[in-house]
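The values are calculated or read from the model by the stated rules, or taken from the named source; none is laboratory data. Since this is a predicted model, take the numbers as computed values, not measurements. Because the Cβ atoms are built from the backbone with ideal geometry, glycine has one as well, and the counts that use them run over all protein chains shown.
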Amino acid sequence: MSMIRTNCTPRRRSGAATAELAIVLIFIFMPFALGMWEGARLVEVQQVVANAAREGGRQASTGQSTNDAVQRAVCTYLKNAGLPDYTSQRTTIVTVTNLTHSGVDCTAATDLDQIQVTVTIPFNDVRWINLYLITDTTTQVTFTATWTSMRDLDYPTPAPPVGF
């Protein structure tokens, strides 16, 4: 009986491992990329909310705007920044508080009163993707700005000229 010897060297599959790796890497890095995207959006929205709260604090510290006007200014800022229009529910997302004299409106604040503006929006309203990689359905974006009232005081009447 004669043995037939065949060539047992495997066939070369050049590039097959590279193609397989490319396909597998898509599925490995997809959640990573989407998580980075969601995290970046969260940071962007946090910055917009922080600026809106600062703008509200600046408006409140002048003593010329009522609490309602401050809430409206914050909602307008959020809307102009590309976030949803919260004008109808501004009392639920914007809180204006006089920390020195509780219950006092911004227009009645005295000089050096501490006025706090808090803005809170649900992240579900502004997210770009519906995957919950970093956040969940209850995540809220909140920022609080505290300003000191710098109400303009009336300048006293000028003194009469001296030496005349």
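Structural remarks
- If you go through the range 59-87 and keep only what is among the small types (Gly, Ala, Ser), without any contact (Cβ under 8 Å) to a residue 60 or more places away in the chain and assigned to a helix (DSSP H, G or I), you end up with Ala69, Ala73.
- Qualifying residue in the range 122-139 (condition: surrounded by 14 or more Cβ atoms within 10 Å (Cβ to Cβ) and over 20 Å from Trp37 (Cα atoms)): no
- Number of positions in the range 127-164 that are at pLDDT 85 or above and either part of a loop (DSSP other than H, G, I, E, B) or small (Gly, Ala, Ser) (or both): 4
- From the options Glu44, Glu38, Glu55, residue that is modelled with pLDDT under 90, part of a helix (DSSP H, G or I) and among the acidic types (Asp, Glu): Glu38
- Residue check, Thr92 at pLDDT below 95, in contact with a strand residue (DSSP E or B) (Cβ under 9 Å, 6 or more places away or on another chain), of a type in the set (S, T, N, Q) and part of a loop (DSSP other than H, G, I, E, B): no
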